[in-house]
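Participant: One structure follows; several queries about it will come next.
Laboratory data are not the source of any read-out in this text; all were calculated from the coordinates shown. These numbers come from a predicted model, not from an experiment. Cβ sites come from the backbone with ideal geometry, for glycine too, and all protein chains shown count toward neighbours.
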Amino acid sequence: PFMTLSVDSNGERGLLGVAFHPNFAVNQFVYAYYTTTSGGTHNRVSQFTANGDVVMAASEVVLADLPALSATNHNGGAIHFGTDGKLYVAVGENANPANSQNLATPLGKILRFNDDGSIPSDNPFYATQTGLARAIWAYGLRNPFTFAVQPVTGRIHINDVGGGLWEEINLGLAGANYGWPGSEGPDNV
């Protein structure tokens, strides 16, 4: 195998996302979003370095350890590089709807990082939050299990699991609030 990770695979946990650095051919960086039990069960974003056709296990650099998980669902998981060279990470609200509107937690959000794991100072909540919450790029999401970046325009579309009435595909915008749990579907919130 190209990469092997030890993960907690209960429910919707496990290896949730993989992204290759835009300059992978030169730097060999691979990024993973996965559920670890190291230090308590939580999701982690790490950078690894490949050597030929195998990722070196000892090359892991932990970029972000997300808060402890209390549920086995709503982990989100997609990670992609935007056309701005930043790493975007989709994080579910861990089956706690209040997390989505709470700007003090990264749960229920799209996070944005530099490729080395540092947090860009132009993130929308960088100046008003502290710690990992500075990485919040958009919020009000339930379980953004995947998203896509249009390679020419950089436009981001976020796929969010609804609560029972609607599945959403939202246009990703910096600082946007997608309304969960107060709204679901096409209500123009």
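Participant: Measure off 7 Å from each Cα along the Cα-to-Cβ vector at Met56 and Val149, then give the distance between these two points in nanometres to one decimal.
Facilitator: Once both label points are built, they end up 2.5 nm from each other.
Participant: I would also like to ask the following. Give, as a single signed number, the net charge of other residues whose beta carbon lies under 14 Å from the beta carbon of Gly14, with Lys and Arg counted +1 and Asp and Glu -1. Intermediate values should be presented prior to the final figure.
Facilitator: Details: positive: Arg13, Arg44; negative: Asp8, Glu12.
Here the count lands on 0.
Participant: Now for a different question. Connecting C-alpha atoms closer than 10 Å in a GNM of the chain, tell me which of Gly11, Gly140, Gly92 has the biggest fluctuation.
Facilitator: The residue with the greatest mean-square fluctuation here is Gly11.
Participant: Below 13 angstrom from the Cβ of Leu165, what's the summed charge of the other residues (Lys, Arg +1; Asp, Glu -1)? Working shown, then result.
Facilitator: Details: positive: Arg142; negative: Asp160, Glu167, Glu168, Glu184, Asp187.
Charge balance in the 13 Å sphere: -4.
Participant: With θ taken as phi - 60° and the coefficients 6.51, -1.76 and 1.60, list the Karplus ³J(HN,Hα) couplings across the stretch 28-35 in order, rounded to whole Hz; mark glycine and proline as x.
Facilitator: 6, 7, 10, 10, 10, 10, 8, 9
Participant: Write out the GluC sites (Glu not before Pro) in the stretch 112-189 meeting two conditions: DSSP loop, and at most 13 other Cβ atoms within 10 Å of their Cβ.
Facilitator: Details: sites: Glu167, Glu168, Glu184; in loops: Glu167, Glu184.
Here the sparse-neighbourhood loop sites are Glu167.
Participant: For volume of the Cα convex hull per residue in Å³, several values are listed as [x] 166; [y] 127; [z] 117; flag the one computed from this structure.
Facilitator: Correct label, based on the coordinates given: [z].
Participant: To continue, here is another question. All other residues with a Cβ under 12 Å from the Cβ of Tyr178 taken together, and with Lys, Arg as +1 and Asp, Glu as -1, what is their net charge? Please list the in-between numbers first.
Facilitator: On the way: positive: Lys109, Arg142; negative: Glu93, Asp160, Glu168, Glu184, Asp187.
Taking every other residue near Tyr178 into account, the sum is -3.
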